[in-house]
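Remarks on the structure that follows.
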Amino acid sequence: MSPPYRDAGQAFPIYLTVVAGLLFLALAYLAVGQAAVNRSGAQTAADAAALAAAQDEREQLTDQWVKVLRDPTKWENVFEGRVPLDDPCRRAVELAAQNYASLNHCPPPGLLYRVDVQTKKNVGRSVVPGSENYKSTASAIAEVQRLCWFKLPDKGAKGDELPELTCKHDKVWHLKPDDTTGLPKPEDLFDVHLVNSPANDQ
C-alpha cells in the first residue's frame, strides 16, 4: 500500500493543471466580456450618430418649409427632402465623438442615414492574442419620415389661400400666409427613428 504522502504528491501537478486551466478560462471569458462591452459602446455611438444626422436634417427641412410657407407649390420638395441642405453629418461626427468613437461613413443629405463608426478605445490586453489592437465597429440607420400631407388649392382659389396640412393622428393645421405663430414644430412635420434597431423613436 502506497504511503498517503506519495498519493498527494502525484495529485499536486494535476491540481495545478486544473487551476491553470480554470484561470485561463476565466481570463478568456473576461476578454469576451470586454469585447462585448466595446461592441455595445460602438453600437450606442452608431445609433446616436445616425439619429443626430437625421434630427439635424429634420430641423433644416422645417426651416426650409417655413421659408416657402407662402408658396405651397414648393412644399412637396421640402417634405420629400429635395431641397439644398447643409451637411447633417457634422452632428453625427459630434455625437460619435461624445461616445468615444469616430465616424467612418455618413451619406450626403437624404431621408435615410446609414452611419458606420469605430471605437477609439481598443478591447485591451488579454489572453486572446491581438485583442490589444482590436477596435469595435458598428452601423446604424436612421430615417426621416414625413408625417404631413396636403392638397394644393384649386386654380380658382384665392391667391393667398394656403392648403390645410393634415398630419399624424388626424391633426389639421389651418395655416395663414401672414401668421407664422403656432406653426407645426419639426416633430409635428417629420418623425425620426432608427431602422431595425431596438432603440425608441426620438
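The values are calculated or read from the model by the stated rules, or taken from the named source; none is laboratory data. The structure displayed is predicted, hence computed values, not measured ones. Here Cβ is always computed from backbone atoms with ideal geometry, including for glycine, and neighbour counts include all displayed protein chains.
Take the conditions closer than 20 Å to Asp47 by Cα, surrounded by 12 or more Cβ atoms within 10 Å (Cβ to Cβ), in contact with a Leu (Cβ under 8 Å, 6 or more places away or on another chain) and modelled with pLDDT of 90 or more and apply them to Ala138. Does it pass? Show your work before the answer.
Working: closer than 20 Å to Asp47 by Cα: yes; surrounded by 12 or more Cβ atoms within 10 Å (Cβ to Cβ): yes; in contact with a Leu (Cβ under 8 Å, 6 or more places away or on another chain): no; modelled with pLDDT of 90 or more: yes.
No: the conditions fail for Ala138.
Condition check ((1) among the β-branched types (Val, Ile, Thr); (2) closer than 23 Å to Leu165 by Cβ) across all residues:
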| site | (1), (2) |
| --- | --- |
| Thr73 | yes, yes |
| Asn77 | no, yes |
| Gly81 | no, yes |
| Asp86 | no, no |
| Arg91 | no, no |
| Ala96 | no, no |
| Ala101 | no, no |
| Pro107 | no, no |
| Leu112 | no, no |
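The combined condition, being at pLDDT below 95, in contact with a Phe, Trp or Tyr (Cβ under 7 Å, 6 or more places away or on another chain) and not aromatic (Phe, Trp, Tyr), is fulfilled by Asn122.
Within the stretch 45-87, the residues that satisfy the criterion of being more than 29 Å from Pro177 (Cβ to Cβ), touching a Pro at 6+ places or on another chain (Cβ under 9 Å) and surrounded by 23 or more Cβ atoms within 10 Å (Cβ to Cβ) are Ala52, Ala53, Ala54.
The residue that is farthest from Ala42 (Cα to Cα), among those in the stretch 88-111 that are surrounded by 21 or more Cβ atoms within 10 Å (Cβ to Cβ) and hydrophobic (A, V, I, L, M, F, W, C), is Cys89.
Looking at this structure, is Ala11 in a helix (DSSP H, G or I), modelled with pLDDT of 60 or more and of a type in the set (Gly, Ala, Ser)? Here the answer is yes, as Ala11 does meet what is asked. Taking the numbered list (1) closer than 17 Å to Gln55 by Cα; (2) touching a helix residue (DSSP H, G or I) at 6+ places or on another chain (Cβ under 7 Å) in turn, Asp191 passes all entries but (2).
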